[in-house]
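To keep things clear, I will list the structure first and then write my remarks on it.
The values are calculated or read from the model by the stated rules, or taken from the named source; none is laboratory data. Given the structure is predicted, the values throughout are model-derived calculations rather than measurements. Here the Cβ positions follow ideal geometry from the backbone for every residue, glycine too, while neighbour counts run over all protein chains shown. Side chains included, ligands, DNA and RNA excluded: accessible areas come from the protein's heavy atoms. Shrake-Rupley method; radii C 1.70, N 1.55, O 1.52, S 1.80 Å.
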Amino acid sequence: MGFSLNFGPLAPYWPVFLTGAWLTLKMTTVAIVVGVSAGTLIAFLKRGSNRFISKACTAYIEAVRNTPFLVQIFLLYFGLASLGIHMPTFGAAVLAMIINIAAYAAEIIRAGLESVPRGQIEAAECLGLSRWRIAWHVMLQPSIERVYPALTSQFLLMMQASAMASQISAEELTAIANTVQSDIFRSLETYIVVALLYLALSVLVKLLAWGFGEYLFKRRRVIRRAAAEAARRRPSPVPPFQPHAAKAAPGVNNGSAS
């Protein structure tokens, strides 16, 4: 029995696919903005002088990083419902994503903060800068610039992990694909289209992250512009000395003289 790909039955479902892709992108954007903000605060609290708060932040990070994301979604959606707290599927999925990405972002940002030399912080204190200005200008901005590629990778992983929200019937891209393939019974074509949409969303997230990084980290642009200017002004290299040509030159002159 032969099999051939047929994407024709999927044509009427394109608006549904785009709606699911938009919901996936919206969930990811909200989770990234809120989660990274919370993760930054947790990273500073973990490095703080209060041992109780520091240990609580460590316990939170380890609990989230060592449990499956799907279990976290089930705990929020089904666990809270058993306590009488009913959440919409979109809210439960986004909250689970925020809790998850905040833990990973906190550890990534903490590693960046640890890379800031102590001498820079002491120099800023000697200049009389306030604690908030030291935290923002001396510690946070350079550390975020160093770990930004790792954060971007985490953003992509979170966007792809949003597919697990389909298990609680959140109408994101994977849930839409499950519904469509159960209607038209073209599973391979349906999931090929979904894979391509996820690929397009990943490229879009990477481009947005790159553009935001170029805007946020102005030092990058200054260094790149200075390097390009120095390369343009660099003199052309002097050709290497060729001893054989230098020895042959007197012979040629003598022959022409005779």
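Checked against (1) open to solvent by 50 Å² or more (accessible area, probe 1.4 Å); (2) touching a residue at least 24 places away in the same chain (Cβ under 8 Å); (3) more than 17 Å from the chain's Cα centre (by Cα), residue 30 meets all criteria but (3). With respect to residue 41, determine if the residue is in a helix (DSSP H, G or I), open to solvent by less than 40 Å² (accessible area, probe 1.4 Å) and on the phi < 0 side of the Ramachandran plot. No: the conditions fail for residue 41.
Condition check ((1) more than 30 Å from residue 97 (Cβ to Cβ); (2) surrounded by 11 or more Cβ atoms within 10 Å (Cβ to Cβ); (3) at pLDDT 90 or above; (4) not polar (S, T, N, Q)) across all residues:
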{"residue": "142", "(1), (2), (3), (4)": "no, yes, no, yes"}
{"residue": "185", "(1), (2), (3), (4)": "yes, no, no, yes"}
{"residue": "199", "(1), (2), (3), (4)": "no, no, yes, yes"}
{"residue": "207", "(1), (2), (3), (4)": "no, no, yes, yes"}
{"residue": "242", "(1), (2), (3), (4)": "yes, no, no, no"}
{"residue": "245", "(1), (2), (3), (4)": "yes, no, no, yes"}
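Among all residues of the stretch 56-75, there is none that is surrounded by 13 or more Cβ atoms within 10 Å (Cβ to Cβ), of a type in the set (D, E, K, R), in a helix (DSSP H, G or I) and modelled with pLDDT of 90 or more.
Can you tell me which residues in the stretch 1-27 are open to solvent by 60 Å² or more (accessible area, probe 1.4 Å) and of a type in the set (Ser, Thr, Tyr)? Hits for the stretch 1-27 are 4, 19. Sort out which residues of the stretch 38-61 are under 28 Å from residue 90 (Cβ atoms) and either without any contact (Cβ under 8 Å) to a residue 40 or more places away in the chain or among the aliphatic types (A, V, I, L, M) (or both), and write them in order of number. Matches in the stretch 38-61: 38, 41, 42, 43, 61.
Given the options 161, 165, name the one that is open to solvent by less than 30 Å² (accessible area, probe 1.4 Å) and touching a Ser or Thr at 6+ places or on another chain (Cβ under 8 Å). From the options 161, 165, the qualifying one is 165.
Taken together, 108, 99, 85 contain a single residue that is open to solvent by 20 Å² or more (accessible area, probe 1.4 Å) and under 18 Å from residue 29 (Cβ atoms), which is 99. Somewhere in the stretch 188-196, is a residue more than 23 Å from the chain's Cα centre (by Cα), within 20 Å of residue 94 (Cα to Cα) and either surrounded by fewer than 17 Cβ atoms within 10 Å (Cβ to Cβ) or modelled with pLDDT under 85 (or both)? Within the stretch 188-196 (the criterion being more than 23 Å from the chain's Cα centre (by Cα), within 20 Å of residue 94 (Cα to Cα) and either surrounded by fewer than 17 Cβ atoms within 10 Å (Cβ to Cβ) or modelled with pLDDT under 85 (or both)), the answer is no, since none of the residues qualifies. The set of residues from the stretch 24-52 being under 18 Å from residue 141 (Cβ atoms) and among the basic types (Lys, Arg) comprises just one member, 47.
Among the residues making up the stretch 144-153, those that are open to solvent by less than 30 Å² (accessible area, probe 1.4 Å) and of a type outside the set (A, V, I, L, M, F, W, C) are 148, 152. For the stretch 111-133, which positions are over 19 Å from residue 38 (Cα atoms), part of a helix (DSSP H, G or I) and open to solvent by less than 60 Å² (accessible area, probe 1.4 Å)? Within the stretch 111-133, 119, 121, 123, 124 qualify.
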